[in-house]
Structure formats: structure tokens, C-alpha cells
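One structure below.
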2 protein chains.
Amino acid sequence: MNFEKLSFEKLVLALASDAPTPGGGTAAALAGAMGASLAEMVAALTVAKEKYAASHGAVRPIGEAAARAREKLLRLAEEDATSYDAVVAARRLPKDTDGERTERSRRIGEANRVAAEVPMRTAREAAGVLTFLPELAEKGNPNAASDAGAAALLLEAAVQAALLNVGINLSGVPDTELAARMTEEADRLGHEAGRLRERTLATVRARI
Amino acid sequence: MNFEKLSFEKLVLALASDAPTPGGGTAAALAGAMGASLAEMVAALTVAKEKYAASHGAVRPIGEAAARAREKLLRLAEEDATSYDAVVAARRLPKDTDGERTERSRRIGEANRVAAEVPMRTAREAAGVLTFLPELAEKGNPNAASDAGAAALLLEAAVQAALLNVGINLSGVPDTELAARMTEEADRLGHEAGRLRERTLATVRARI
């Protein structure tokens with residue numbers, strides 16, 4: 001299914017259905033794409049006004065980075081569903097002989113690794129845009145300050161929701177060293193995202 | 001523009017553009033609709049399994065409430081853009097004579113009141129679903145625990161992003177008594193949403 005081509009109405013119905021995908025990982029990537037879009041809008045509303053010329057140099061590259069992240073997040077929304085479908089397919093492999101059981105177990109572990117790595121990339125992309133949000137809220141067009149705040153809120157929710165999916169899929173990854181490394185990165189990203197959300201909101205509240 | 005009929009790809013491009021709408025208020029309602037959909041999915045994945053029969057009675061009405069909220073939030077996404085367009089239109093009214101200035105000022109105040117009330121309804125709808133999330137995370141299908149967490153994250157972001165739009169538009173509402181009442185409700189909803197997010201996430205983390 002190509003989520004970005006679906007109407008929003010059909011997309012939310014696909015999320016609502018009792019099919020295992022699309023689920024929280026896809027919703028995280030879509031929320032991140034919306035947050036990145038709002039950051040682009042704030043940048044565009046700043047760069048369009050001569051009045052904010054002093055901020056153009058700082059704000060233009062933020063808008064460009066947000067646009068790149070938006071495109072990646074749209075692809076990750078899709079990839080998240082595909083990678084979880086592969087976990088479900090691996091679980092359905094036959095397990096009648098020792099050989100089948102070994103192969104099935106190997107395939108489940110491998111599918112879980114991919115299904116943990118995809119939301120980790122979602123979390124990294126959303127966190128990457130979020131890094132710019134305190135500066136965007138401070139230097140951007142003040143009439144769009146609430147939009148910068150909304151962007152930070154959606155991006156932080158995207159990071160944390162993606163990280164829940166990293167956590168749940170990591171529990172099925174047999175490589176404990178890799179799992180420990182990813183858990184460490186997840187903790188760092190989650191902590192940093194919370195901090196950036198609060199910093200952005202403090203700036204936004206001071207400007208509206 | 002009928003946002004729910006647009007493809008997701010076009011929707012995020014509309015958010016990203018330098019047109020004043022759709023903006024943060026619309027994105028808040030859409031994020032809320034996605035959060036409500038995930039809550040529906042968790043309810044559906046619980047009600048579909050005999051194994052969780054003890055939870056069916058509690059979970060079924062949560063899924064139904066989430067479905068109603070999803071539909072309302074899709075309409076509010078649209079209404080948010082329309083109400084802010086009315087503020088922009090009122091600001092463009094002529095202001096050459098005293099009579100025109102009085103009329104323009106009255107129309108701007110009225111448009112701002114509506115543009116503050118619409119995101120307040122968005123915040124109420126999203127907060128209403130969020131109220132059920134700690135119970136859904138606790139009694140729902142544990143395989144969908146991360147989806148319940150993602151739902152809570154998106155709903156809380158929707159509440160807070162909508163409230164930023166309430167705040168920015170209330171600053172243009174001349175009825176100070178109404179503005180004070182709405183500010184009080186906004187503070188309460190924002191505080192409660194933060195608390196419900198953390199309660200849900202604590203339950204989710206204990207289950208995954």
C-alpha cells in the first residue's frame with residue numbers, strides 16, 4: 001500500500017482497522033512528516049518577508065532540512081508497515097522439523113532487527129528536525145510562532161512513538177549487543193527530544 | 001479545500017506551503033484523528049480475540065468513542081482552516097472611515113473568537129479520547145501496547161498544539177471575560193493531557 005497516495009480519510013481508516021499494519025510506527029512517521037511540513041511553513045513565512053531579512057540566513061537551511069526530512073519520513077511510513085509485515089510472515093513459517101524451527105527462528109530474529117531499525121530511522125529523522133526548532137521558534141516569523149510550537153509537539157510525539165516501536169521489536173532481536181546499543185541510542189534520542197520540545201514551547205509561549 | 005479527501009502527500013505539501021492555512025490548528029486536528037484511529041485499532045485487536053474476553057466490555061465502548069472523535073477531528077481539521085481564513089479576510093476589510101474601522105474591528109474580534117473556539121473543540125475531542133488511554137493500555141491486547149502508547153503521544157500533541165492556537169487567537173478577542181474563561185479551560189486541558197500521556201506511557205513501558 002502506498003500510504004502517501006491514499007486520502008487522509010482512508011489513511012486513518014487503515015490505521016483504525018484491526019489489521020496489524022499500518023500501526024503506531026507508520027503513524028509516528030506520518031506525524032513526523034506533518035511536523036516537518038509545519039517547520040517548512042514557518043521557514044517559508046519568514047523567508048517571504050523582507051522584514052525578517054536578518055533571520056533569512058539562519059532560517060532558509062532549516063526549511064530545506066525540514067523538506068528533506070519530510071520526504072524521508074513519508075518513505076519511512078511505508079517501510080515501517082512493510083518491515084512489520086515481514087515479522088508476521090516469518091512467524092507463519094513452518095515449524096515441524098528441527099531444520100524448519102532453526103530457519104524460522106533465524107528469520108524472525110532478522111525481521112525483528114529490521115522492524116526495530118526502521119522506527120529508529122524515523123526517530124532520528126524527526127529528532128533531526130526537532131534540533132532546529134528552538135532556533136526556528138526564536139528567529140522565525142512571530143505570527144507563525146504557534147505553528148513552530150505545533151511542529152515541535154508533532155516531531156517529539158513522532159520520536160517517542162517511533163521509539164516505542166523500536167523497543168517492542170528489539171525484544172525479538174537475538175543479537176544482545178546490537179539490542180543494547182540501540183536501546184542506548186533510543187534513550188538518548190527520547191531524552192533529547194523531550195528537552196527540545198520544552199525549549200521550543202518556552203520560546204513560543206514568550207512570543208504569543 | 002476538503003483535507004480528508006486529499007492524498008497525504010498533498011496534505012503535507014499544503015501544510016508546508018507559505019499560505020497561512022492549513023497550519024498548526026489543522027495539523028493538530030489531523031494528529032488527533034490519527035491518535036484516535038490508533039486507539040480504535042487497539043480496541044479492535046482486543047475485541048477480536050477471545051483470549052481478552054474479560055476486557056471486551058471495557059474496551060468496546062472506548063473503540064466506539066474513539067471512532068466518533070476521529071470523525072469530529074477530521075471535520076475540525078477543515079473548520080480550523082476556514083475559521084482562520086475568516087480572520088485574514090476580516091483584517092483586509094477597508095479602514096478608511098470611522099464607520100469602516102469600527103466594523104472592521106468588530107469583525108476581526110468576532111473572527112478571532114471563532115478561530116479560538118475551533119481549536120478549543122479540537123483540544124476537547126483529543127483530550128476526551130486521551131482520558132480512556134490509560135485503561136486501554138492496561139486492558140487492551142498487549143501485542144498492541146506500543147500502539148496505545150503512540151495513540152496517547154499523538155493525542156497529547158494534538159491537545160497541546162490546538163491549545164497554542166487557542167492562545168494565539170484569544171489574544172485578538174476583545175471579550176476579556178470570555179478570554180479568561182477559555183484560558184482557564186485551556187490550562188486545565190493542557191495539564192490533564194500531560195498527566196494522561198505520562199500515565200499511559202508508564203503502563204505501556206511496563207507491558208512491552
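With a 1.4 Å probe and every protein chain left in place, work out the accessible area per residue of the range A:92-136 in Å², rounded to a whole number. Please report the intermediate quantities before stating the final value.
Values: 2350 Å² over 45 residues.
Here the per-residue accessible area is 52 Å².
Compute the distribution of all C-alpha to C-alpha distances in chain B, in bins of 10 Å from 0, and list the percent of pairs in each, rounded to whole numbers.
With a bin width of 10 Å, the distribution comes to 10, 31, 29, 18, 8, 3, 1, 0.
Leaving ligands, DNA and RNA out of it, work out the accessible area of B:Lys139 with a 1.4 Å probe and give it in Å² to the nearest 10.
Spelled out: B:Lys139, probe radius 1.4 Å, area about 80 Å².
How many partner chain Cβ atoms sit within 10 Å of a residue's Cβ in peptide B:40-53, on average, as a whole number?
Numbers: counts 6, 12, 4, 2, 4, 5, 1, 1, 1, 1, 0, 0, 0, 0.
If you average over the peptide's residues, the count of other-chain Cβ atoms is 3.
Pop out the carbon and sulfur fraction of the accessible area of the range A:65-208 as a percent, whole number, probe 1.4 Å.
Of all accessible area on the range A:65-208, carbon and sulfur atoms account for 49 percent.
Run the numbers on the range A:192-208: which residues show a drop of 30 Å² or more in accessible area, chain on its own versus all protein chains together, using a 1.4 Å probe over heavy atoms?
Checking the loss per residue gives A:Arg197, A:Ile208.
What percent of all Cα-Cα pairs in the range B:2-72 falls into each 10 Å bin, going from 0 up to the bin containing the maximum distance?
For the range B:2-72, the pair-distance distribution reads 20, 37, 23, 15, 5, 0.
Rounded to whole angstrom, how close does the nearest chain B beta-carbon get to the axis mapping B onto A, and which residue is it?
B:Ala157, 2
How about the range A:1-70: which trypsin sites (Lys or Arg not before Pro) there are in a DSSP loop, with at most 16 other Cβ atoms within 10 Å of their Cβ?
Counting only loop positions with at most 16 other Cβ atoms within 10 Å, the trypsin sites (Lys or Arg not before Pro) in the range A:1-70 are A:Lys49.
Could you put A:Thr176, A:Thr21, B:Thr183 in order of accessible surface area, largest first, with the 1.4 Å probe and the full protein assembly present?
A:Thr176, B:Thr183, A:Thr21
Looking at the range B:117-177, what % of the alpha carbon pairs are farther apart than 18 Å?
46
Please determine, in degrees from 0 to 90 and to the nearest 10, the orientation of helix A:176-207 with respect to the longest principal axis defined by the Cα atoms of chain A, where the helix direction is its Cα long axis.
The angle comes out at about 20 degrees.
How large is the charge dipole for the range A:65-105, taken about the Cα centre, if only the Cβ atoms of Lys, Arg (+1) and Asp, Glu (-1) carry charge, to the nearest 20 debye? Write out the running numbers ahead of the final one.
Numbers: 9 positive and 9 negative charges, 44 e Å.
That gives a dipole near 220 debye.
If the viscosity is 0.890 mPa s and the temperature 25 °C, what Stokes-Einstein diffusion coefficient in µm²/s follows for the protein assembly as shown when Rh is the Kirkwood radius over Cα pairs?
114
What is the sum of charges, Lys and Arg at +1 and Asp and Glu at -1, for the other residues whose Cβ falls under 14 Å from the Cβ of B:Arg92? All intermediate terms of the calculation are to be shown ahead of the outcome.
Details: positive: B:Arg91, B:Lys95, B:Arg101, B:Arg104, B:Arg107; negative: B:Asp85, B:Asp96, B:Glu100, B:Glu103.
Counting the neighbours of B:Arg92, the net charge comes to +1.
Can you give the three extents of the C-alpha atoms in the range A:86-158 along their principal axes, from longest to shortest, in whole Å?
66, 15, 10
With the label 7 angstrom out along Cα to Cβ, how close does A:Glu184 come to the same site in each of the other copies, in nm, nearest first?
Result for A:Glu184, in nm, nearest copy first: 5.2.
Taking a label point 7 Å from the Cα of B:Lys49 along the Cα→Cβ vector, which residues of the range A:89-116 have an amide N closer than 16 Å to it?
A:89, A:91-92
Counting partner chain Cβ atoms within 10 Å of every residue's Cβ in A:166-176, what's the average?
The mean count of partner-chain Cβ atoms within 10 Å per residue comes to 2.
Hey, got the average number of other protein chain Cβ atoms within 10 angstrom for residues in A:140-147?
5
Between A:Pro61 and the same site in the other copies, what are the distances in nm, shortest first, taking label points 7 Å from Cα along the C-beta direction?
5.6
About the Cα centre of chain A, how large is the charge dipole given +1 on each Lys and Arg Cβ and -1 on each Asp and Glu Cβ? Please answer in debye to the nearest 20.
440
What are the label-to-label distances in nm, one decimal and shortest first, from B:Ser105 to the same spot in the other copies, with labels 7 Å along Cα to Cβ?
Here B:Ser105 shows inter-copy label distances of 7.9 nm.
Taking both sides together, what accessible area is buried at the A/B interface, probe 1.4 Å, expressed in Å² and rounded to the nearest 100?
So the total buried area for this chain pair works out to about 4200 Å².
According to the square roots a ≥ b ≥ c of the eigenvalues of the Cα gyration tensor, what is the shape class of the range A:56-101, taking rounded for a/c under 1.5, prolate for a/b larger than b/c otherwise, and oblate for the remainder?
prolate
Roll a 1.4 Å probe over the protein heavy atoms and report the accessible area of A:Met41 in Å², nearest 10.
Its heavy atoms expose roughly 0 Å² to the probe.
Determine the sum of side-chain charges near A:Leu178: Lys and Arg each +1, Asp and Glu each -1, restricted to other residues whose C-beta is under 13 angstrom from that of A:Leu178.
It works out to a net charge of -4.
Taking R0 as 51 Å, what's the FRET efficiency between B:Leu178 and A:Arg101 from their Cβ-Cβ distance, rounded to 0.05?
On the way: r = 68 Å, r/R0 = 1.32.
Efficiency at R0 = 51 Å is approximately 0.15.
Report, in degrees rounded to the nearest 10, the 0 to 90 angle that the Cα long axis of helix B:53-91 makes with the longest principal axis of chain B.
Approximately 10 degrees, to the nearest 10.
Counting only the heavy atoms of the protein chains, how much of A:Arg60 is accessible to a 1.4 Å probe, in Å² to the nearest 10?
Surface open to solvent at A:Arg60 totals about 110 Å².
The values are calculated or read from the model by the stated rules, or taken from the named source; none is laboratory data. Model, not experiment: these values are computed from the prediction. Here Cβ is always computed from backbone atoms with ideal geometry, including for glycine, and neighbour counts include all displayed protein chains. To get the accessible areas, we keep the full protein, side chains included, count just its heavy atoms, and leave off ligands, DNA and RNA. Shrake-Rupley method; radii C 1.70, N 1.55, O 1.52, S 1.80 Å.
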